[in-house]
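Chemist: Here it is: the structure, laid out below.
The values are calculated or read from the model by the stated rules, or taken from the named source; none is laboratory data. Model, not experiment: these values are computed from the prediction. Neighbour counts are summed over all protein chains in view; Cβ atoms, including those assigned to glycine, are modelled from backbone coordinates with ideal geometry. Side chains are part of the model used for accessible areas, which takes the heavy atoms of the whole protein and leaves out ligands, DNA and RNA. Shrake-Rupley method; radii C 1.70, N 1.55, O 1.52, S 1.80 Å.
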Amino acid sequence: MSVVPGERTAENAVALVADFKRRTGGRLMDLITTDGYAAYEEAILGAYGVTVTPPRTGKRGRPRAPYQVPPPGLTYAVVEKTRAKGRVVAITTRVVFGTMAAVAAALGMSRVSRAINTAFVERQNGTDRHRNARKARKTYRFSKDWRYHEAVTYLTLYAYNFCWPVRTLAVTDDRGRRQPRSPAMAAGLADHVWSMAEWFSLPAVRRC
């Protein structure tokens with residue numbers, strides 16, 4: 001998971017996609033989905049795209065500048081909401097990069113979804129607002145110092161994923177007992193639910 005605290009801008013969209021690519025080793029995802037924010041398309045193409053340099057034609061005039069195209073295997077779809085009087089009246093989906101067949105194949109292999117959606121990131125946003133009082137709406141608990149706001153944003157994100165046993169992620173062992181799991185355990189990043197003391201005591205960056 002990647003997060004870039006700050007306003008929703010094209011620059012932050014680029015930073016978010018670049019950070020996500022770094023964390024996933026640059027490999028292409030089976031399917032990338034976002035909402036209809038236009039900056040994501042350019043950010044994803046900038047991060048994963050292949051640069052094409054048009055050949056010289058021998059004709060007079062300025063040659064065509066190099067441009068980027070999506071590589072084979074890049075599959076990206078968006079969810080677009082139409083609002084009227086502050087209410088969502090329609091939801092549509094659109095394939096931006098790749099084909100509908102590739103989207104269907106990715107959804108067919110998914111263990112958690114069968115439709116193009118942004119439910120997981122929206123659930124994370126809701127959890128973030130719930131666990132981070134600085135982001136609660138219409139309150140006086142807003143941040144007055146950006147450094148603290150950014151720090152608590154990362155704290156609540158990682159504490160939730162490593163230190164919080166999510167009820168719906170629990171599994172049943174061979175003896176029929178339910179074993180709690182955190183999101184990090186479900187993703188294969190941890191082998192137990194961490195305590196907050198364990199999280200604070202371990203280094204954030206491991207150096208070889």
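Chemist: For the chain, take the longest principal axis of its alpha carbons; what is the angle in degrees between that and the long axis of helix 119-131, to the nearest 10 within 0 to 90?
Modeler: 50
Chemist: Moving on. Could you state the angle between the C-alpha long axis of helix 10-23 and the longest principal axis of the C-alpha atoms of the chain, as a value from 0 to 90 degrees rounded to the nearest 10?
Modeler: Result, in degrees: 70.
Chemist: Now for a separate question. Where in the chain lies the longest segment free of chymotrypsin sites (Phe, Trp or Tyr not before Pro) that are both loop residues by DSSP (not H, G, I, E, B) and have at most 16 other Cβ atoms within 10 Å?
Modeler: The answer is 38-139.
Chemist: Which value, in debye to the nearest 20, gives the size of the charge dipole of the chain about its Cα centre, when Lys and Arg are +1 and Asp and Glu are -1 at the Cβ?
Modeler: Computed charge dipole of the chain: roughly 480 debye.
Chemist: Let me ask something else. Just to confirm, what accessible area per residue do you get for the chain at 1.4 Å probe, in whole Å²?
Modeler: Result: 72 Å² of accessible area for each residue.
Chemist: Would you mind checking which residues have amide H under 5 Å from residue 4's amide H? H placed 1.01 Å from N; only 5 or more apart, or other chain.
Modeler: Under 5 Å from the amide H of residue 4: no residue qualifies.
Chemist: If you take the square roots of the eigenvalues of the alpha-carbon gyration tensor of segment 56-105 and sort them as a ≥ b ≥ c, do you get rounded (a/c under 1.5), prolate (a/b over b/c) or oblate?
Modeler: Note, shape of segment 56-105 comes out oblate.
Chemist: With all protein chains present and a 1.4 Å probe, how do 178, 60 order by accessible area, largest first?
Modeler: 60, 178
Chemist: So, with a 1.4 angstrom probe, what is the percent of accessible area on the chain that is carbon and sulfur?
Modeler: Roughly 55 percent, rounded to a whole number.
Chemist: Of the labelled options (i) 42, 21, 17; (ii) 36, 17, 16; (iii) 35, 23, 21, which one gives semi-axes √(5λ) of the Cα gyration tensor in Å as computed for this structure?
Modeler: Computing semi-axes √(5λ) of the Cα gyration tensor in Å and matching it to (i) 42, 21, 17; (ii) 36, 17, 16; (iii) 35, 23, 21 gives (iii).
Chemist: Please give the FRET efficiency for residue 131 paired with residue 80, using the beta carbon to beta carbon distance and R0 = 41 Å, rounded to the nearest 0.05.
Modeler: Rounded to the nearest 0.05, the efficiency is 0.90.
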